[in-house]
Every structure is written in structure tokens, then in C-alpha cells.
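K.L.:
Got a structure for you, written out below as C-alpha cells; questions coming shortly.
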Amino acid sequence: MVATDEELVARSMDGDVDSFNQLVLRWERPIYALAYRVIGRDEDARDVAQETFLRAFRALPGFKGQAKFSSWLYRIALNLCRDWIRRKKRTPVVDMPEGVDVAELAAEQGPVESIEDLVARHEMSRIVAAGMKLLPEEQRTAIVLKEYHGLTFQEIADLQGCPLSTVKTRLYQGLTVLRRHLESQGMTREEFKK
Amino acid sequence: MFRCDDKQTLISYVYGEIDHDTRQAVDAHLASCHACAAEVTALGDVRSDIGLWVPPDVELDFTIVKKSQLPASNVLRPARWWTAVPAWAQAAAAILVLAAGAGIANLRVTSTAEGFSVSTGWMTPAVSAPAVGEANGPRVAGTSDELKVQLAALEQKLREEIRSTREQDTRAAARTTVDEATIRRVQQLIAASEQRNERELAMRFVEFTRDMNMQRRADLQNIGRGMVNYEDQLQRQRQTINNLIRVSATPQP
């Protein structure tokens with residue numbers, strides 16, 4: 001039987017490092033993906049993810065369990081991302097990592113996908129990444145949390161420290177900008193389906 | 001009642017976080033408002049496209065390690081160092097302990113024609129004269145000073161042996177740790193390099209295919225344009241020939 005986050009947190013607070021490492025194993029990829037999509041750099045996203053777990057481990061005695069463990073991790077990671085963006089004072093770079101996507105996408109799609117489809121998917125991914133780069137940090141973060149991590153409006157509002165209505169506005173504006181960007185690139189859904 | 005400018009309700013509808021009554025109101029509005037219906041469809045398509053952006057599949061393997069769990073590469077003494085001491089040295093140590101005990105007790109072992117006799121310094125000798133012992137057989141135990149010198153030499157030799165054994169073990173342990181770390185690192189580098197090469201090859205293959213396709217399309221377009229030009233020329237030639245035939249057929253005055 002798989003232990004829940006809450007059970008593992010309780011054991012970790014009793015000094016069981018292995019339990020905390022199970023939590024790390026469970027959440028390292030979502031946290032890395034969050035950092036990567038917010039700040040857009042592989043190496044820095046790794047650093048942010050690693051630092052997130054270190055801080056969580058150190059702050060574990062102060063974790064009272066009011067929020068979910070994952071929400072707590074997301075909050076730490078987002079604060080680190082925000083620090084990174086402020087410290088670097090630069091727009092996130094969301095270029096596709098060199099030479100990664102095609103092979104991975106091919107593996108994901110299986111042998112039935114033609115090379116043309118593969119290229120189109122790769123191109124689409126690159127265009128989406130470039131579109132995300134255009135968004136202000138708050139809109140981008142709201143979209144990332146909603147689309148890739150499935151958080152509710154309320155959870156995003158709690159993480160971003162803003163009203164529910166602001167989250168909805170950020171999502172609507174962000175999606176609208178992305179929509180225009182995709183249309184300007186001539187990559188409509190119908191074209192991709194061809 | 002849903003209005004077209006109520007974007008917050010619209011986004012709630014798109015994400016499905018909406019109560020039943022409001023959903024019905026939006027559904028009713030979308031049935032009659034093509035602009036809002038198109039916007040909902042477009043936002044849904046954008047959401048699908050967003051799903052195509054995947055982060056790189058990197059190896060993370062973060063692990064929290066307690067200080068006490070760190071590898072003991074800096075511990076110089078093997079845990080069971082005494083097991084590395086040679087058997088002869090262990091026997092010598094046992095003799096040393098025995099001899100030291102005998103020295104403290106001032107033990108004397110004498111061999112006479114009547115047999116061996118053992119006595120301590122605090123006991124009255126069973127056989128009276130040392131001269132008898134010297135005359136009748138070899139004396140096994142030396143004097144106290146000789147014994148002390150021998151013991152000191154033996155102890156010194158034993159200490160040196162143990163020290164050299166420890167140093168050898170420490171060096172061997174350090175070398176083994178370094179070697180393992182190096183091998184692990186080299187293996188990681190080789191694996192990373194192979195992965196990089198595979199990805200690069202895949203990328204180049206995709207680029208090559210894309211270039212080929214573009215070239216093929218360009219060639220087809222050129223061929224198409226050439227065919228059109230050729231047909232135009234053919235048409236003009238036909239017209240010229242027809243004109244010539246017509247002119248030649250006309251009776252000259």
C-alpha cells in the first residue's frame with residue numbers, strides 16, 4: 001500500500017529521512033516542471049527544484065499541515081522562481097532545449113507517428129513555449145499551475161496571494177494572448193491536425 | 001443570465017469550475033451567440049496546444065542525505081583493524097603479554113636433572129644453588145634486565161608492524177573510494193555523451209527530412225511552372241502555325 005503524503009510527512013517529522021526521500025521522489029518531477037516552465041532554463045530549474053526540497057526539509061518542523069504538502073512545495077518553488085527572476089532581472093527564456101524534444105516526442109508517440117507529424121509537434125511545442133515567454137510572470141504562472149498541475153482557481157489564488165477574480169482574469173488574458181500568438185504563427189489547430 | 005463581456009464566467013466555463021445553474025445559462029447563451037461559441041472553441045484549442053509543451057526529460061534523483069549517512073572515506077582506521085594484523089604478530093603479542101606477566105611475577109623456570117622447577121621471586125627457591133642449575137643444565141629464563149630488553153624490542157617491532165599495516169589499509173581504502181568515484185563519473189559522462197549523440201542524430205535526421213521535403217516541394221513547384229510555360233509556348237506555336245496555314249490558304253491576288 002502506497003503511503004500518502006500526509007503519512008510520509010508525519011514520519012519525516014519524526015526523523016525518518018527515507019520517508020522524506022519518498023516525498024522527494026514523488027514530487028521532484030512536478031516541481032522541476034513547474035520551475036522549468038516558469039523560468040525556462042533547464043539548469044536553473046534543476047537548481048530551483050533542488051533548493052525547494054532542501055528548504056522544505058529544513059522547514060519541515062514548522063509545517064503544520066494547514067495546506068496540502070504539495071501546495072506547500074509549490075509555494076516554496078514559486079517563491080524561489082520569483083527570486084530567480086528578480087535576481088536575474090530578465091525575461092524567462094523558454095527556448096526548447098537543444099536536441100531533446102524530437103527524440104522524446106518520438107518515443108511518446110510510438111512508431112505510428114510520421115516524421116512530418118513529429119516535426120509539426122516539435123514546431124508547435126516551440127511556438128507554445130515562445131508564446132508563454134510573451135506573458136507577464138503572473139499570467140504565465142497562473143496558466144502553468146492550471147494547465148500542467150491541475151490546481152483549482154482557489155488554490156492558485158492562495159499561492160499567488162490574490163483574489164479569485166484576479167486569477168480568472170489572468171487566465172483569460174493569458175490564453176487570449178497565446179491564442180493570438182498561435183494564430184499569428186499560422187499554427188492553427190486544423191493545420192496541425194493535417 | 002450570461003453576458004458576452006462576462007469573461008470570468010466564461011473562463012470558469014472553459015475550465016469546468018462552474019455551478020450547474022450558471023453552466024446552463026452559458027450553454028443557452030452559446031447556442032445563440034456565435035461569437036462567444038467561437039471564443040470558447042478557440043480557448044479550448046489553445047488549451048490543447050498548451051499541452052504540447054513538455055519540459056525535457058532529465059534525470060533528477062534528488063536525495064536528502066544525513067551527515068551520518070555520508071560515506072566514511074575520511075575515516076582512516078578500518079573498523080576491525082586487528083583482523084589485518086598477521087598471525088605471527090598476534091602470537092608475538094600473546095607471548096609479550098605472557099612474558100610481561102612473568103616479569104612482574106619475577107617468574108623463574110629452571111631445568112635440572114631432576115626435572116623442571118618453576119618459582120616466583122617471592123618464593124624460596126626449591127633448589128638451593130644457582131650453581132647447581134648452571135652445572136647440571138641450561139638455564140631457560142634470563143635475568144630480569146635481559147628480559148626487559150627483549151620485551152622492549154619485541155614491543156617495538158610489534159608496534160611498527162601494526163602501524164605499517166594500518167597505513168597500507170588506509171591507502172588501499174582511499175584508493176578504492178577514489179577509483180569507484182572516478183569509474184562512476186566516467187560512466188555517467190559516457191552515458192550522457194551517448195544520449196546527447198542520439199538526440200543530435202535524431203535532430204539532424206529531422207532537419208535533413210525537413211530540408212528534403214522543402215527541396216522536393218520547391219522542385220515540384222519549378223516543374224509545375226515549367227510545364228505551364230511549356231504549354232503556353234506550345235499554344236503560341238500552334239496559333240502561329242494556324243495563322244500561317246490560314247494565310248497560305250488564302251488566294252493571293
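The values are calculated or read from the model by the stated rules, or taken from the named source; none is laboratory data. A quick note: this is a predicted structure, and the numbers were derived from the prediction, not measured. In this analysis, Cβ positions are derived from the backbone assuming ideal geometry, glycine residues included, and neighbour counts consider all displayed protein chains. Just the protein is used for accessible areas: all its heavy atoms, side chains included, with ligands, DNA and RNA removed. Shrake-Rupley method; radii C 1.70, N 1.55, O 1.52, S 1.80 Å.
K.L.:
Looking at B:L151 and the list (1) modelled with pLDDT under 85; (2) surrounded by 13 or more Cβ atoms within 10 Å (Cβ to Cβ), which single condition is not satisfied?
P.N.:
The number of the failed condition is (1).
K.L.:
Just to verify a result, which residue in the range A:64-102, among those that are open to solvent by 60 Å² or more (accessible area, probe 1.4 Å), more than 16 Å from the chain's Cα centre (by Cα) and modelled with pLDDT under 75, is farthest from B:A192 (Cα to Cα)?
P.N.:
A:K89
K.L.:
Can I ask one more? So which residues in the range B:9-38 are open to solvent by less than 60 Å² (accessible area, probe 1.4 Å) and not aliphatic (A, V, I, L, M)? Reasoning before the result, please.
P.N.:
Keep residues of the range B:9-38 that are open to solvent by less than 60 Å² (accessible area, probe 1.4 Å), which gives B:9-16, B:18, B:22, B:25-26, B:29-30, B:33, B:36-38.
Of everything in the range B:9-38, those that are open to solvent by less than 60 Å² (accessible area, probe 1.4 Å) and not aliphatic (A, V, I, L, M) turn out to be B:T9, B:S12, B:Y13, B:Y15, B:G16, B:T22, B:H29, B:C33, B:C36.
K.L.:
From B:R175, B:R163, which residue is open to solvent by 90 Å² or more (accessible area, probe 1.4 Å), modelled with pLDDT under 80 and either part of a helix (DSSP H, G or I) or more than 21 Å from B:A93 (Cα to Cα) (or both)?
P.N.:
B:R175
K.L.:
Assess whether B:L244 counts as being in a helix (DSSP H, G or I), open to solvent by 90 Å² or more (accessible area, probe 1.4 Å) and under 30 Å from A:R121 (Cα atoms).
P.N.:
no
K.L.:
Moving on. Taking the residues in the range A:19-47 that are more than 9 Å from chain B (Cβ to nearest Cβ) and open to solvent by 10 Å² or more (accessible area, probe 1.4 Å) as candidates, determine which candidate is nearest to A:E137 (Cα to Cα).
P.N.:
Here the answer is A:R41.
K.L.:
With respect to A:R58, determine if the residue is closer than 21 Å to A:L151 by Cβ, open to solvent by 50 Å² or more (accessible area, probe 1.4 Å), at pLDDT 90 or above and among the charged types (D, E, K, R).
P.N.:
The answer is no for A:R58.
This table checks each residue for (1) closer than 16 Å to B:Q8 by Cβ; (2) crowded, with 17+ Cβ neighbours inside 10 Å; (3) over 13 Å from the mean Cα position of the chain (by Cα).
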position: A:R140; (1), (2), (3): no, yes, no
position: A:T152; (1), (2), (3): yes, no, yes
position: A:L164; (1), (2), (3): yes, no, yes
position: A:V167; (1), (2), (3): yes, yes, yes
position: A:Q173; (1), (2), (3): yes, yes, yes
position: A:V177; (1), (2), (3): no, yes, yes
position: A:Q185; (1), (2), (3): no, no, yes
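K.L.:
If the Cβ limit is 8 Å and pairs must be 6+ apart or interchain, which residue in the range B:47-61 that is at the interface with chain A (Cβ under 7 Å from one of its Cβ atoms) pairs with which residue that is assigned to a loop (DSSP other than H, G, I, E, B) and at pLDDT below 85?
P.N.:
B:D49/A:M187; B:P56/A:P97; B:P56/A:V100; B:D57/A:V100
K.L.:
Given the conditions (1) modelled with pLDDT of 90 or more; (2) assigned to a loop (DSSP other than H, G, I, E, B); (3) under 30 Å from A:T52 (Cβ atoms), report the number of the one that B:I11 does not fulfil.
P.N.:
(2)
K.L.:
Which condition number does A:R121 fail, the rest of (1) farther than 14 Å from A:R37 by Cα; (2) basic (K, R); (3) open to solvent by less than 40 Å² (accessible area, probe 1.4 Å) being met?
P.N.:
(3)
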